[in-house]
Amino acid sequence: MKTGIIGLPQVGKTSLFRILTKAHLADHINPREAHIGVAKVPDDRLDRLAVLYNPKKLTHASVEYVDVGAIGQEALKESTYIGHLRQVDALAHVVRAFEDPAIPHVGEIDPLRDIKNVEFDLIVSDLGQIEKRLERLEKDLKKMKTAELEKEFELLKRAKAHLETEKPLREMQITLEDKKRIRGFMFLSEKPMLYVLNIGESADLGKELEAAVGKYKLTEVASRPNAAATAICGKVEAELSEMSDADAAEFLASYGLKESGLARLIRTTYHLLGLISFFTAGEDECRAWTIPAHTRAQEAAGAIHSDLEKHFIRAETIRWDQLLEAGSEANARAKGALRLEGKDYIVLDGEVMHIRHSG
Ligand SMILES: Nc1nc2c(ncn2[C@@H]2O[C@H](COP(=O)(O)OP(=O)(O)OP(=O)(O)O)[C@@H](O)[C@H]2O)c(=O)[nH]1
Ligand SMILES: [Mg+2]
């Protein structure tokens, strides 16, 4: 699962990418080149399971981020730029809210205006693609009418009308079947969107971060379908990422923060992508596995290994906190807290599973 970091020039995209992925990029990187990196998904539940098992290896879930460079009508006409963006599953739009006269910005600090402008660029790009395809389809339909081509034609006409009202495709009502039909186009405005407000430093950062989405009037855009908003302070996060865990905790507390904005941002991305985690726990390894919400147990087993899916018999499962409460698997089993579930069981976020198989 990949998330593309987009935004206007000089809003803090690359800074965010560096701290998210702890990538040590060279100082003189080419801003027009895409950078790809992996971020660990912080998970307190897994950390606590690891305390119980003391495993040789601890593996968190991860999400990939791509820093594609500044967005704009021109950039969106470049095939490599748009190619990178099409590949991603979600977009994180970094919006500048920090004041700094030394760093240029298009006019006053106005996150909502920037959001509308970037949204508009995405819409224009999708419209261009749809218009081209519709022209082609019209010609093809004159030669030969098939039910599938007609359906695609109708759907694209509807998408075009929707975009012409300046609304992104992620807000269009669409059946699952139609969603599959247009998947191949990888429309930009269809991707789930996380707005990331990059706010300035302040003594009361904890409160400022909480209040930022409301303060910059993003509550409405963030409540739309397939969208969310979160705030970070890039400057503080950059300092945090250089510290030891103990120093970081003290630093966070001094700002009135419980966790880093980054941890929250990664988790929000994860949820926006419709992903959940289940765990496997043992003395060798404690590990988080990523699956889409509403996944059946048998398919979930496939996230670990395809053989486990093929030879699936049952899943032994328990919620992470129930396992911790029981103190050990043996205790949990004795208490009857360990359940045996079949292949159609819908796995829940935070369950610990053992897959029984005949492989
Ligand atoms: N004051 C302040 N400056 C920041 C913050 N985040 C980034 N900057 C500065 O803004 C400048 C641009 O940061 P980048 O992370 O390179 O921004 P970008 O969006 O990747 O820029 P382009 O790729 O050129 O579009 C740098 O000088 C950063 O140090 C912040 O939170 N506060
Ligand atoms: Mg950059």
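The values are calculated or read from the model by the stated rules, or taken from the named source; none is laboratory data. Bear in mind the structure is a predicted one, so any value in this text is a computation, not a measurement. We place every Cβ from the backbone using ideal geometry, glycine too, and count neighbours over all the protein chains shown.
Out of Ala300, Ala330, Ala334, Ala288, I need the residue that is more than 30 Å from Val95 (Cα to Cα), buried (at least 17 other Cβ atoms within 10 Å of the Cβ) and free of Cβ contacts under 8 Å to residues at least 60 places away in the same chain. Which one? Sole residue among the options that is more than 30 Å from Val95 (Cα to Cα), buried (at least 17 other Cβ atoms within 10 Å of the Cβ) and free of Cβ contacts under 8 Å to residues at least 60 places away in the same chain: Ala300. Cβ-Cβ contacts under 8 Å between residues 6 or more apart (or on different chains), taken from a first residue in region 89-110 that is touching a residue at least 12 places away in the same chain (Cβ under 8 Å) and under 15 Å from Lys191 (Cα atoms) to a second residue that is within 14 Å of ligand 2 (Cβ to nearest atom) and aromatic (Phe, Trp, Tyr), are listed as Ala92/Tyr65. The residues listed here are Arg96, Arg113, Arg48, Arg32; of these, the one that is at pLDDT 90 or above, over 20 Å from the mean Cα position of the chain (by Cα), more than 30 Å from Ala332 (Cα to Cα) and basic (Lys, Arg) is Arg113.
Restricting attention to region 196-216, the residues being within 22 Å of the chain's Cα centre (by Cα), surrounded by fewer than 17 Cβ atoms within 10 Å (Cβ to Cβ) and either within 16 Å of Leu16 (Cβ to Cβ) or among the charged types (D, E, K, R) (or both) number 1. What number goes with the only condition from (1) in contact with a Leu (Cβ under 7 Å, 6 or more places away or on another chain); (2) aliphatic (A, V, I, L, M); (3) without any contact (Cβ under 8 Å) to a residue 12 or more places away in the chain that Val68 does not pass? Among (1) in contact with a Leu (Cβ under 7 Å, 6 or more places away or on another chain); (2) aliphatic (A, V, I, L, M); (3) without any contact (Cβ under 8 Å) to a residue 12 or more places away in the chain, Val68 violates only (3). Counting only residues that are part of a loop (DSSP other than H, G, I, E, B) and within 16 Å of ligand 1 (Cβ to nearest atom), region 173-202 holds 4 of them. Screening region 37-71 for residues that are part of a helix (DSSP H, G or I) and among the basic types (Lys, Arg) and picking the one that is farthest from ligand 2 (Cβ to nearest atom) gives Arg48.
For region 143-172, the set of residues classified as in a helix (DSSP H, G or I) and under 21 Å from Glu119 (Cβ atoms) consists of Leu156, Arg158, Ala159, Lys160, Ala161, His162, Leu163, Glu164, Leu169, Arg170, Glu171, listed by residue number.
Within region 135-142, identify whether any single residue is closer than 27 Å to His93 by Cα, in a helix (DSSP H, G or I), modelled with pLDDT of 95 or more and not aliphatic (A, V, I, L, M), and answer yes or no. The answer is no, given that none of the residues of region 135-142 is closer than 27 Å to His93 by Cα, in a helix (DSSP H, G or I), modelled with pLDDT of 95 or more and not aliphatic (A, V, I, L, M).
Answer with yes or no whether Gly234 is under 16 Å from Glu201 (Cβ atoms) and away from ligand 2 (no atom under 16 Å from the Cβ). Answer is no for this residue. The one condition from (1) out of contact with any helix residue (DSSP H, G or I) (no Cβ under 6 Å at 6 or more places or on another chain); (2) in a helix (DSSP H, G or I); (3) modelled with pLDDT under 95 that Ala332 does not meet is (1).
With region 203-321 as the region, which helices (runs of 4 or more DSSP H) entirely inside it contain at least 1 residues that are closer than 30 Å to Ala332 by Cα and among the basic types (Lys, Arg)? Steps first, please.
Numbers: elements: 205-215, 219-222, 234-241, 245-254, 261-272, 297-304, 306-310.
Per the criteria, 261-272, 306-310.
When region 72-128 is filtered for residues that are part of a helix (DSSP H, G or I), surrounded by fewer than 17 Cβ atoms within 10 Å (Cβ to Cβ) and small (Gly, Ala, Ser), the ones remaining, listed by number, are Ser79, Gly83, Gly128.
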